[in-house]
Amino acid sequence: SKIKKDEGHLELVLERTEDILAWIGKRRRPGQVIAGFALETEEGLESARGKLERKGLDLVVLNSLQDEGAGFGHATNKVTLVTRDKDPERLPLLPKAEVARRILDAIERRLKG
């Protein structure tokens, strides 16, 4: 039934769920490329590398909150593509559609080996 507006405050209780990326990483099938995203304010590169290892990922897209014009509420973004076997690829500030294309290019390179 409908909750009346004058019945006091509402409380929402959340339950922690299993880490979806870690779950997927443990169940990897041959030929799969698994990518994750990270949004960090400090020690981003170190955190992204840790996420690669802990969750069994091939690629982490590290989003920047430090750069003007990047992230939420903007049409542009600045990310770093982090893999185990190469130096991080720092992309300049780009339109989000171009960032998406670059991420897909990185995934495609991994699929082709």
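What follows draws every value from the coordinates through simple rules; no lab data is involved. The shown structure was predicted, so the numbers you read here are calculated from the model rather than taken from an experiment.
What to note about this one:
- Between helix 96-112 and the chain: long-axis angle, C-alpha atoms, 0 to 90°, nearest 10: 50 degrees
- Relative contact order of the chain, defined on C-alpha pairs under 8 angstrom at six or more residues apart (%): 19 percent
- Taking the C-alpha atoms only, the angle from helix 44-55 to the longest principal axis of the chain is near 90 degrees.
- Nearby aspartates and glutamates by direct alpha-carbon distance to K96 (threshold 12 angstrom, same-chain neighbours under 8 apart not counted): none
- Spatially proximal lysines relative to K26 (Cα-Cα < 29 Å; intrachain offsets below 8 disregarded): K51, K55, K86, K112
- Shape of segment 64-113, Cα gyration tensor, a/c cut at 1.5: oblate
- Dividing the helix sum by the residues of the chain, where each DSSP H run of 4 or more adds -39500 (n - 2.57), gives a mean residue ellipticity at 222 nm of -10000 deg cm²/dmol.
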